[in-house]
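Please read the structure below before turning to the comments.
The values are calculated or read from the model by the stated rules, or taken from the named source; none is laboratory data. Bear in mind that the values here come from a model prediction, so they are computed numbers and not experimental data. Cβ atoms come from the backbone with ideal geometry, glycine included; neighbour counts cover every protein chain shown. Note: areas computed on protein heavy atoms with side chains; ligands, DNA, RNA excluded. Shrake-Rupley method; radii C 1.70, N 1.55, O 1.52, S 1.80 Å.
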Number of protein chains: 2
Amino acid sequence: MSSYVLALDLGGTNSEIGLVDRQGHIFNRMSLSTADYRTVDTYIDAFYKSAVHLTEPYGGLRSVKAIGAGVPNGNIYTGNIEHAMNLPWHEQIPFAELVAGRFQIPCKITNDANAAALGEMEFGAARGMKNFIELTLGTGLGSGIVINGQVVYGHDGLAGELGHVCANAASNARRCNCGKRGCLETYVSATGVVRTAKEILTKTNKPSLLRTIDHLTSYDVYSAAEQGDEVAKEIWLYTGRLLGRKIADFVSFSSPEAVVLFGGLTNAGKWLLEPTEESLNKNLLPIWRRKIKVTVSGLDGADAAILGAAALAWQI
Amino acid sequence: MSSYVLALDLGGTNSEIGLVDRQGHIFNRMSLSTADYRTVDTYIDAFYKSAVHLTEPYGGLRSVKAIGAGVPNGNIYTGNIEHAMNLPWHEQIPFAELVAGRFQIPCKITNDANAAALGEMEFGAARGMKNFIELTLGTGLGSGIVINGQVVYGHDGLAGELGHVCANAASNARRCNCGKRGCLETYVSATGVVRTAKEILTKTNKPSLLRTIDHLTSYDVYSAAEQGDEVAKEIWLYTGRLLGRKIADFVSFSSPEAVVLFGGLTNAGKWLLEPTEESLNKNLLPIWRRKIKVTVSGLDGADAAILGAAALAWQI
């Protein structure tokens, strides 16, 4: 008994629930439409019912040792979801407490990017590492920092916001959703790459396949680069150089063994990785040059969030 | 018995040795001229003899539980001094091992800035804090980062080189001793402030008291600001704004309770602190604004390095 954990990946639109063992095998999984639940109580009720169903062939909820959840703005210290703008419930929500109360099973939450780092350390590319940084390059840029084998949560539980370090201090730098300007995620993310593309296409007359595309995505920019498009290559060069320079700063901070890149943008492969590594090594102190691994996540995109939440649960 | 530790602050020119108890009282101290010793063996021999003398009134070396040393490029993992350019011995030196062997007392070393952070946590402004960053603003800019009550050493023992994060990405940014350009310490340090002063004085015709001074120091810039000199004020504004912006990035990384400033440059007081705090809060994510303390070290400059090395020894 108690040989599984329940893992919840709570997203703004959809939630994924998984039943996971100590080795990271996902025995069963279900989806839940987050957006359908107007209140957190009805959501947790639906989560409970799904979990009963999900665990039924595996000994029921009695076989579940703990529940881990990766949620936007989830604070591991308080167990609260703190004013997540992309969830249907905007107020401060004692999520871990509500779940633990409904299930009568201990529950821990953290934000998505920290969960990803935990999953990477337990089951992915960072297995055996005690010091690494995971950057989640999706719509935005999230980060989970591991030092001495522990995720860094900081004084208030909110550490690891590397998407909002300054990548451009100019007063006319790109505006970020956070209200600041020049944040790293306005350049290095799926949306950042599209902004870079639009800037270059608008400011120059360079011929490009990208000019024919209506709703440009970062995948289009990858695809164009693969077809030899010079503007697309320039966009990846610009993105990678900036990312490499900022990773060099992160290395100066915590001297990790590796930086693990995760998320949709990593599909760009060498177009992103090569300029990132080159720029990283150029900007590192000599003591670190060619010593810091830059690697892509070892987890399948669809499983990573579940496995991260599971790793968190196994820490309880 | 064993109620003291020996603390060594090994500097390029001078070394300070102190006999310190658990509460951070310095019972006895001596100086040693580092530069006089051509080999590390003769240096350690002199350190030993000084220590015998120093401890004599306090029960001799038998009363010493451990030895801690803050040394340039000291690596806590290996116990080695790794190619410190400002020491008479340039090769890689197994310093902790040599000392422990000569004294038959356990010895740990770390770099000066990490020792300063340890001292601050044990005996200074960071007492009771588990998450803070100490920036040593002297000739250069050193840093000691504390997360979960532990100094961050990283994968290789070399973490915490915040003096070498990028403060200016321009290709013509200031050249740093490390070989890179635009490093934070080329702007925010005693030498950085003088470089800023010279730049402003050369590039403009603004009247300033500083124009009459031959060998400008950061103290002169402080003194001129106190006398109402507009150029001097501009220099501090420039320095503080840059420092505040970079501290905001550091907060995004580890979300500390406080940032403690230490070293000669902090004598500039409000001229440095006010623009630093203003810029910090402007550049922080809203979740952290006005929540991060910026404070000056609680340790006397002359004692800090000794107390830091003592704190390290008490960890053995």
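Exceeding 29 Å between C-alpha atoms, which entries from my cross-link table qualify? They are A:291/B:246; A:108/B:246; B:198/B:293; A:293/B:293; A:282/B:293.
Pairs exceeding the cut-off: A:108/B:246; B:198/B:293; A:293/B:293; A:282/B:293.
Can you work out the FRET efficiency for the pair residue B:300 and residue B:198, with r the C-beta to C-beta distance and R0 = 35 Å, to the nearest 0.05?
My answer for the efficiency is 0.65.
I'd like the trypsin sites (Lys or Arg not before Pro) in region B:29-78 restricted to DSSP loop residues with at most 10 other Cβ atoms within 10 Å, sorted by number.
Counting only loop positions with at most 10 other Cβ atoms within 10 Å, the trypsin sites (Lys or Arg not before Pro) in region B:29-78 are B:38.
Going through region A:254-307, which trypsin sites (Lys or Arg not before Pro) have at most 12 other Cβ atoms within 10 Å and a DSSP loop state?
Within region A:254-307, the qualifying trypsin sites (Lys or Arg not before Pro) (loop, at most 12 other Cβ atoms within 10 Å) are A:290.
Where does chain B land at 222 nm, in deg cm²/dmol rounded to the nearest 500, when only DSSP H runs of n ≥ 4 count, each adding -39500 (n - 2.57), divided by all residues?
So the helix-based figure for chain B works out to -11500 deg cm²/dmol.
Pop out the ³J(HN,Hα) list for region B:156-162 in order, Karplus 6.51 cos²θ - 1.76 cosθ + 1.60 with θ = phi - 60°, rounded to Hz; leave Gly and Pro as x.
Computed from phi, the couplings for region B:156-162 are 10, x, 10, 4, x, 10, 6 Hz.
If I take every Cα pair under 8 Å that is 6 or more residues apart in chain A, average their sequence separation and divide by the length, what percent do I get for the relative contact order?
Computed value for chain A: 20 percent relative contact order.
Rounded, prolate or oblate for the protein assembly as shown? Axes are the square roots of the Cα gyration tensor eigenvalues, ordered a ≥ b ≥ c, and the cut-off for rounded is a/c under 1.5.
oblate
Heavy-atom accessible surface, probe 1.4 Å, ligands and DNA/RNA ignored: which residues of region A:118-157 lose at least 20 Å² versus the isolated chain?
Listed in order, they are A:131, A:145, A:147, A:148, A:150, A:152, A:154, A:155, A:156.
Using Stokes-Einstein with the Kirkwood hydrodynamic radius over Cα pairs, what translational diffusion coefficient do you get for region A:5-140 at 20 °C and a viscosity of 1.002 mPa s, in µm²/s rounded to a whole number?
140 µm²/s
May I ask for the net charge around residue A:140, where only other residues with Cβ less than 12 Å from the Cβ of residue A:140 are counted and Lys, Arg are +1 while Asp, Glu are -1?
-3
Just the number: Rg to Rh for region A:132-221, Cα atoms, Kirkwood Rh, two decimals.
On the Cα set of region A:132-221, Rg over Rh gives 1.08.
For a Förster distance of 35 Å, can you work out the FRET efficiency between the beta-carbons of residue A:230 and residue B:177, rounded to the nearest 0.05?
Efficiency, rounded to the nearest 0.05: 0.35.
Label points 7 Å out from Cα along the Cβ direction at residue A:267 and residue A:39: separation in nm?
3.9 nm
At 7 Å along Cα-to-Cβ for each site, give me the label-to-label distance between residue A:28 and residue A:62 in nm.
Distance between label points: 1.5 nm.
If you take the C-alpha gyration tensor of region A:179-280, multiply each eigenvalue by 5 and take the square root, what semi-axes do you get, largest first, in whole Å?
25, 15, 12
How far apart, in nm, are two points set 7 Å out from the Cα along the Cα-to-Cβ line at residue B:14 and at residue A:316?
If labels sit at residue B:14 and residue A:316, their model points lie 5.8 nm apart.
Suppose every Lys and Arg Cβ carries +1 and every Asp and Glu Cβ carries -1, with no other charges. What dipole size does region A:248-316 come out with about its Cα centre, to the nearest 20 debye?
Dipole of region A:248-316, to the nearest 20 debye: 280 debye.
In region B:85-216, with Lys and Arg counted as +1 and Asp and Glu as -1 at Cβ, which of these residues, B:193, B:132, B:114, has the Cα nearest the positive end of the dipole, that is, farthest along it?
B:193
Would you mind listing the distances between the residue B:41 label point and the same position in each other copy? Use 7 Å along Cα-to-C-beta, nm, one decimal, shortest first.
List, nearest first: 8.0 nm.
What percentage of all Cα-Cα pairs in region A:45-84 are separated by more than 14 Å?
59 percent
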